[in-house]
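See below for the structure under consideration.
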Amino acid sequence: MGPPIHSRTLRKWQPTAAYYWVGPKLSYLDFRPDCYDGSVWGISAADNSTWYFYNGQWQNLDFKPKFLRVAYNGIVWAIDGDNNVWVLTNPTANLRQIPGAIRYLDVSYSGRVWGIGTDGNIYSRSGIEGDWRQEPSANNQFTYLRVQPGYSERVWAITTQNSIATKVYGEPDWTAVDGRLKYIDVDQTGVAWGIGTDNSVFRRDGVAGTWQFIQGRQLTALRATPYGVVYGVDNQGTLVRVNSGGLTSLSADAPTPTLRLWGADR
């Protein structure tokens, strides 16, 4: 999920265009990692109901999750306030409850779901029809995880002590990674980006790399796109592009790379 977007007006940016208002105030939003159909899913800041944007139209659904994640195949996985797990195969389908008590989850390219249980352990399952399997944890309790985009099935996770661990599905145990982070994201090539406990920003070329400090402002949130473009937000709410050379502010009318960005006002 990453650091949430709190009660903001939803906006989007397009290349060579200024940002503009496009929808309701949302507390959280997500979309297919490959941006295949341009759809966006969000949770209302007003009543926690679900909003779905497609083909220029917003649709409100009578479901109130605290978190949702859109998978590559378009299936929406959601968690409600009681840590129950639900799936929605399309906006007009009926919600289906999945057994288990999960407080956070992510979905791999293959459809494998990785979740952090209310007990702090990590579990995985093979899509909707699978069963939760507890992953070996080396006595760690986890607070956050991200699945690397693409076919690798590599997961990066953060423990309650802000230590970092990673593994590929099927490996017997986690590999410890040096450093302390409170948030991590990773692109399709395996480059990891993290926010330290003091909000400093770091970059690492995969498991075998070393953490590189990124000069510039501290960030409260960042998101790595599958193809290596990384965006962040500082504590003033300024949108920035992040790269190994530092941070570049994106003003309201500044051209952005060949991606459409979704964000929210402060």
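Odds and ends about this structure:
- Highest-first arrangement of 226-232, 165-171, where packing means the average Cβ count within 10 Å: 226-232, 165-171
- Extension gain from Q161 to L95, taking 0.36 nm per residue of separation minus the Cα-Cα distance: 20.2 nm
- Counted over segment 83-230 with a bin width of 5 Å, the fraction of Cα pairs per bin, in whole percents, is 2, 10, 19, 22, 20, 14, 8, 4, 2, 0.
- Scattering curve values for segment 21-77, log₁₀ I(q)/I(0), Debye with Cα scatterers, q = 0.14 Å⁻¹: -0.32
- Share of pairwise Cα separations in segment 53-95, more than 11 Å, in percent: 68 percent
- Straight-distance candidates among the aspartates and glutamates for linking to K64, with alpha-carbon spacing under 19 Å and chain neighbours fewer than 8 residues away dropped: D30, D47, D80, D82, D106.
- For segment 203-219, 3J(HN,Hα) per residue [Karplus equation, 6.51 cos²θ - 1.76 cosθ + 1.60, θ = phi - 60°, Hz, x = Gly/Pro]: 9, 9, 7, x, 4, 7, x, 10, 6, 10, 6, 9, 5, x, 6, 6, 10
- Two-decimal Rg to Rh for segment 52-133 - Kirkwood Rh, Cα set: 0.97
- Here the simple spin-label model places points 7 Å from the Cα toward Cβ, and for F213 and Q236 these points are separated by 2.2 nm.
- Shape analysis of segment 114-178 based on the Cα gyration tensor places the equivalent ellipsoid semi-axes at 18, 14, 10 Å, largest first.
Bear in mind these aren't lab numbers, they're just calculated from the coordinates by the rules spelled out. Remember, it's a predicted structure, so these values are computed and weren't measured experimentally. Quick reminder, even Gly has a Cβ in these numbers, built from the backbone with ideal geometry, and neighbours come from all protein chains shown.
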